[in-house]
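Each remark here refers to the structure printed beneath this line.
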Amino acid sequence: MNDTQHKVRTRIAPSPTGFLHLGTARTALYSWAYARHFGGEFVLRVEDTDVARSTQDAVDQILASMKWLGLDYDEGPVYQMQRLARYHEVADQMIAAGTAYRCYCSPDELDAMREAQRARGEKTHYDRRWRPAPGKTLPPAPTDVKPVVRFANPVGGAVTWDDLVKGSITISNEEIDDLIILRPDGVPTYNFAVVVDDWDMAITHVFRGDEHINNTPWQINIFRALNVALPQFGHCPIILGDDGLKLSKRRGAVSVTAYEDGGYLPEAMLNYLARLGWSHGDDELFSREQMVAWFDGTHLAKSPAQWDPAKLAWVNAQYLKQADDARLGVLVASQLARRGLDVVADTRLNALCALFKDRCSTTVELADWLQMYFAPAQPTEIDRAEHVTDAVRPALVALRDRLAHCEWDKVGIAAAIKATLTEQGLKMPQLAIPLRVLVFGRTQTPSIDAALALFDRDTVLSRL
Ligand code: GLU
């Protein structure tokens, strides 16, 4: 692997027609980890040849998600639309070599061809009418049709490759026809651009979703026609939603951005995504460094994994517990900013995060807790009626008086509560629950003295 010619080079090649999809993020992670594991290089390529659907906004989102996940690349972003001259050059070479040719069929002619095939009960395919062959006379090229360039796919035989994920795969050349590699406007199709790029970028290993398995024979045939080394392919199964169908927008969030906004930590996302299709023994929680150390392309699952929001929440909760409070403070402040609360400069943020993070799965939940410190409490009428009863009112008044004068820290507050309990002959929950309802708008909080100490005294007195 030290030979530079064989240095591991992987890539992720998203199409900027939308956000970074979770499935693409997972293959990006596998490609990245594989390159890092073998001391190789990882490339980011933007496959923007679907000009009508590609947007700069999507490119920006994809780059931001890669950055957020910490999947750093050694080269790129390389944009396919900036490489048109190169695709034309390779197509010209292939035409000269007889492995590609111009086809002047109009859309109407192609429709008629397929119609006739259907009428004969055949599978529709391009009938190679413009493909040169010894002894074959081609029609004169019409002047009013802009030709496409087609790849002269081998006739007969089959393509076999040893897939890193799925094992040996064979697809017959009967299944695939002479693929268009350049459209009339000179823009390459996916299967052609991907080969030229993987070749030029010296990609050694391609991890991608298994929806591309049927494209791979064309790509392998084009690599062979160009007489260049093939990368190894690994096709990862799709991710299923919890209903067993392909994870899609209709079945919940599928973009990395949605999870960033939803209060997940990038290291938790990476950990969860990694396990969704790969395993290292029974390990459920592991760091990015451990993954790099362990990820050698083995133990990739052949069958689809199911997206499990509850497990992701659990993984995230484990990382939240460990997370540095100052870091969480920044994250939770940005969550609260979306709710119109500017808390960035508040000196209590770190202590608040420390107190509440253990009971949260996301920074959104953490923000729900912290919000009570920065916005009025909103106890429900039901909680008020049930817990803030006439029976407990004198105790609340007595407590309020003590809190008005006690030392304003955890110890002082605990002493004020204890004295009130003794004086009023009450047990802790009898006083603590109404107190929580009034101050927090909730019946449960972490230890009440610690939670109260992080308010300023006036806020607590006014809520009481
Ligand atoms: N642009 C393709 C996609 O987003 C890339 C597939 C590949 O990695 O070859 O699915």
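Quick notes on this one:
- Search result, residues across the range 225-236 that are touching a residue at least 60 places away in the same chain (Cβ under 8 Å) and either over 19 Å from Lys7 (Cα atoms) or within 12 Å of the ligand (Cβ to nearest atom) (or both): Ala225, Leu226, Phe233, Gly234, His235, Cys236
- Each residue in the range 188-215 was checked for being over 21 Å from Met81 (Cβ atoms), more than 9 Å from the ligand (Cβ to nearest atom) and part of a helix (DSSP H, G or I), and 3 of them qualify.
- Taken over the range 112-157, the criterion of being within 21 Å of Ile181 (Cβ to Cβ) and either assigned to a strand (DSSP E or B) or of a type in the set (D, E, K, R) (or both) is satisfied by Arg114, Asp127, Arg128, Arg129, Arg131, Lys136, Lys146, Val148, Val149, Arg150, Phe151.
- Qualifying residues in the range 143-173 (those that are more than 36 Å from the chain's Cα centre (by Cα) and not aliphatic (A, V, I, L, M)) - the one nearest to Tyr87 (Cα to Cα): Pro147
- Taken over the range 297-351, the criterion of being under 30 Å from Asp162 (Cβ atoms) and without any contact (Cβ under 8 Å) to a residue 60 or more places away in the chain is satisfied by Thr298, His299.
- Within the range 385-432, the set of residues being more than 28 Å from Ala351 (Cα to Cα), acidic (Asp, Glu) and assigned to a helix (DSSP H, G or I) comprises Glu386, Glu423.
- For the range 12-43, a residue qualifies if it is basic (Lys, Arg) and closer than 28 Å to Asp57 by Cβ, and exactly one does: Arg26.
- Any hit, the range 48-64, residues being among the acidic types (Asp, Glu), in contact (Cβ under 8 Å) with a residue 12 or more places away in the chain and either in contact with an Asp or Glu (Cβ under 6 Å, 6 or more places away or on another chain) or within 14 Å of the ligand (Cβ to nearest atom) (or both): yes
- Filter result for Asp108 (in a helix (DSSP H, G or I) and either hydroxyl-bearing (Ser, Thr, Tyr) or modelled with pLDDT under 95 (or both)): yes
- In the range 12-30, of all residues being in a loop (DSSP other than H, G, I, E, B) and not aliphatic (A, V, I, L, M), the one that is farthest from the ligand (Cβ to nearest atom) corresponds to Phe19.
- Residues that are more than 16 Å from Pro434 (Cβ to Cβ) and not in a helix (DSSP H, G or I) within the range 445-454 comprise Pro446, Ser447, Leu454, listed in sequence order.
- Conditions (1) over 24 Å from Val332 (Cα atoms); (2) under 39 Å from the mean Cα position of the chain (by Cα); number of the one not met by Ala451: (1)
The values are calculated or read from the model by the stated rules, or taken from the named source; none is laboratory data. Because the structure is predicted, anything quoted here is derived from the model rather than measured. Cβ atoms come from the backbone with ideal geometry, glycine included; neighbour counts cover every protein chain shown.
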